[in-house]
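Laboratory data are not the source of any read-out in this text; all were calculated from the coordinates shown. It should be emphasised that the depicted structure is a prediction, and the values quoted were computed from it without experimental measurement. As a convention, Cβ positions derive from the backbone with ideal geometry for all residues, glycine included, and neighbour counts pool all protein chains shown.
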């Protein structure tokens with residue numbers, strides 16, 4: 001036999017195993033939908049307890065991942081994201097309990113209407129079915145994503161990054177123990193049994209028709225690949241090219257405070273501002289203090305000629321900067337002629353994620369909120385509020401910039417679909 | 001130059017033209033979103049008037065399609081669906097007025113919540129963007145689909161069947177006249193300029209990133225192709241394998257009346273029943289009268305051994321029958337051991353479209369409504385109520401059996417997405 005056969009064989013095995021997992025997850029989804037709903041929360045509470053009990057085992061699985069990662073030469077930043085501590089394990093356990101405590105999103109009556117013929121129609125929230133989650137080597141995602149899917153009545157197939165293989169396996173085992181304790185099928189939270197890339201390919205193909213939606217969690221190249229190749233719907237945001245627009249009606253102190261928070265509170269989150277737009281009429285009074293505040297907070301500033309003229313530390317920006325999600329302490333600054341020009345810039349270069357106007361002019365604010373076509377539009381508030389927790393949704397599995405089904409923070413409610421229940425007493429259609 | 005080049009050239013031209021149309025539709029979508037909303041209704045009312053004025057021209061365009069269709073040897077049934085009359089043109093005009101009169105689905109506040117930090121958050125309905133509609137040779141779809149998309153603030157790119165090319169062009173011109181009269185961009189309702197199949201291919205590829213969703217309207221092979229090949233989301237239902245389950249707690253008269261209506265009112269609609277399931281305990285009293293009523297109404301009955309034993313006119317059913325959408329005066333009948341067995345049958349062979357239980361046992365009804373995972377589940381009412389109009393949604397662009405975004409009848413509300421508007425007064429995130 002040739003080497004080619006040796007390569008193909010295990011891949012075919014992984015693919016067959018993944019399709020089998022898909023089938024089991026589909027069966028589990030149906031069992032979940034029919035089981036008493038409180039069992040889903042019980043399973044999460046039990047999983048949190050098991051997670052605490054097994055903290056030493058989880059930390060030693062994590063130590064193994066870290067040792068292998070060092071051997072592979074992973075960067076310190078990567079290893080830091082991978083590393084678990086007792087505190088991080090406790091935070092994961094608490095996260096499970098918080099999701100368990102959320103109101104049940106399944107069975108919510110979303111609308112009711114009665115028809116003249118006496119039919120009573122309800123739109124009721126139901127689980128989506130089977131969710132596939134493809135993520136990078138962050139062990140906590142195993143627990144977060146598993147919990148959100150279970151709470152919303154969905155079965156989930158998890159495929160984490162290969163560098164967190166042992167940590168994820170240990171955490172996954174706790175979730176399965178919770179399911180078992182609550183009398184729910186273990187396949188409700190399934191996990192790719194191998195770190196093989198073929199597992200990802202099979203998920204993108206839909207696991208033989210069993211996946212209803214895929215959620216990628218990770219960097220741009222992962223999300224990009226999933227969006228390009230998936231044959232099932234995807235909840236994803238590719239980029240958060242987030243704007244703060246300081247209108248001519250802006251209050252100076254609010255503008256400085258909101259801008260610095262939007263950019264610098266955490267630079268690596270998707271709601272972090274990447275571009276500052278300033279109305280030409282506001283520039284004389286505000287451009288300089290805004291730039292000084294940014295630089296004072298440790299931010300590098302790239303700008304158009306007006307911004308460069310305002311502060312000699314500003315380096316030139318090119319069009320490429322308007323399209324860049326830095327996820328770093330860098331911002332691009334541009335002076336625009338009008339509110340319309342600001343909206344035009346955002347529609348041209350933005351990513352429909354989160355955008356903010358700072359102004360005391362209500363009419364300008366309302367126009368911005370109406371015309372900017374982004375999942376989240378804010379008036380006089382930091383863009384870093386773009387977060388399911390800050391919206392009161394509890395934990396989120398991500399922020400969707402697509403337009404179908406979910407948009408903005410994807411929490412347990414957004415992981416549901418609905419059906420119509422129609423109650424009659426013998427009505428027929430004429 | 002070779003023959004191959006002659007074939008490739010026009011296709012490349014069609015593809016380029018389609019992408020240009022996509023770009024114009026995208027620009028029109030933005031203009032629509034920012035125009036006063038009442039203009040959308042004005043455009044439809046004006047289009048209805050123009051349609052009536054131009055009825056003779058529309059009928060002569062239709063006569064041309066019919067003549068070409070006869071030459072091509074299209075079937076009489078096909079030609080009948082293609083044919084317009086003065087009455088049908090009037091019905092199309094009235095349809096436009098009815099859509100114009102619907103409440104505006106755009107800007108509806110779907111949810112509001114205030115956060116402890118004082119942020120006021122609203123979830124507001126917004127248009128989806130650009131909708132692609134691919135349909136067969138039914139001229140009325142040009143008007144129906146164009147109207148529903150416009151009313152919901154979307155731009156639309158229409159690609160109708162080549163056999164209705166001239167009729168669709170004439171109707172489309174009336175819609176464009178309405179847009180012009182209301183001061184809206186003509187590209188808001190765009191139409192593939194050629195009957196070429198390359199136009200469909202380009203739409204399935206997303207018109208260079210401009211289409212947000214595709215709606216196929218037509219037979220199984222069209223819908224199947226769109227679902228397989230589309231690189232953008234699709235609202236589609238492939239089949240309506242619709243069940244009526246007569247429970248052991250069923251009232252005999254209701255069961256007969258509902259079943260005959262569900263199957264025979266119109267056999268060609270997607271909400272028409274295709275399979276009858278009867279509880280074993282109900283079979284002795286009900287199976288024979290149910291089958292007699294069906295046969296008496298002109299329906300051919302195929303059945304399992306129990307059904308065959310109940311009436312000698314019943315022919316044998318095979319498993320293939322459980323999977324078949326007849327869309328004709330044929331039904332498959334099976335006796336099941338229990339409510340659970342009925343639900344199992346529906347989950348195994350159904351298409352998650354519409355299913356009904358007939359029973360006076362409330363507990364059985366609630367269990368059926370909960371556990372059957374279909375877009376529409378009914379208790380004691382005909383499955384032929386599976387229709388946007390019957391739900392009070394106004395006209396529908398189709399019935400979605402997918403689970404993402406829209407499920408069940410897709411009317412103007414389902415052609416919307418949403419965004420979050422967040423109003424603050426200087427809040428920053430700690």
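Quick notes on this one:
- Calculated FRET efficiency, residue A:266 to residue B:228, Cβ-Cβ distance, R0 = 60 Å: about 0.90 to the nearest 0.05.
- Viscosity 1.306 mPa s, temperature 10 °C, Stokes-Einstein D of chain B from Kirkwood C-alpha radius, µm²/s: 67 µm²/s
- All Cα pairs of the range A:242-390, percent lying beyond 19 Å: 43 percent
- The distance separating the Cα centre of the range B:333-399 from that of the range B:258-313 comes to 16 Å.
- Short-range pairs are left out: with C-alpha atoms under 8 Å and at least six residues apart, the relative contact order of chain A is 18 percent.
- Distance from the C-alpha centroid of the range A:94-154 to that of the range B:56-101: 46 Å, rounded to the whole angstrom.
- For the protein assembly as shown, DSSP calls about 25 percent of its internal beta bridges antiparallel.
- Among B:314, B:109, B:130, residue whose mean-square fluctuation peaks in a GNM of chain B (springs only between Cα atoms under 10 Å): B:109
- Modelled spin-label separation between residue B:91 and residue B:366, with each label point placed 7 Å from Cα along the Cα-to-Cβ direction: 4.3 nm.
- Inter-copy label distances for residue B:122: 3.0 nm (label point placed 7 Å from Cα along Cα→Cβ; shortest first).
- Label-point spacing at residue A:316 relative to the other copies reads 8.4 nm, in ascending order, each point sitting 7 Å out from Cα along Cα→Cβ.
- Inter-chain Cβ neighbour average for residues B:401-414, partner chain, 10 Å: 4
- Computed per residue of chain B from DSSP H runs no shorter than four, each worth -39500 (n - 2.57), the mean residue ellipticity at 222 nm is -14500 deg cm²/dmol.
- Helix axis angle, B:55-72 relative to chain B longest principal axis, alpha carbon, degrees: 60 degrees
- Exposure proxy ranking for A:175, B:79, B:184, based on other Cβ atoms within 10 angstrom of each Cβ and starting from the fewest, stands as B:79, B:184, A:175.
- The rotation axis taking chain A to chain B passes closest to this chain A residue's Cβ, listed with the gap in Å: A:405, 2.
- On Cα atoms only, tilt of A:252-264 relative to the major axis of chain A in degrees: 40 degrees
- Axis angle, to the nearest 10 degrees, between helix A:3-34 and the longest C-alpha principal axis of chain A: 90 degrees.
- Highest-MSF residue in chain A out of A:95, A:73, A:118 [GNM, Cα springs under 10 Å]: A:118
- For residue A:281 and residue A:181, the difference between the fully extended length at 0.36 nm per residue and the C-alpha to C-alpha distance is 29.6 nm.
- In a fully extended conformation the segment linking residue A:297 and residue A:81 would gain 75.3 nm over its present Cα-Cα distance, using 0.36 nm per residue.
- Spin-label model, residue B:220/residue B:329: points 7 Å from Cα along the beta carbon direction are separated by 2.1 nm.
- A label point on residue B:366, set 7 Å along the Cα-to-Cβ line, lies at 4.6 nm from each of its counterparts in the other copies, closest listed first.
- Rel. contact order, % - alpha carbon contacts under 8 angstrom, at least six apart, the range B:242-390: 32 percent
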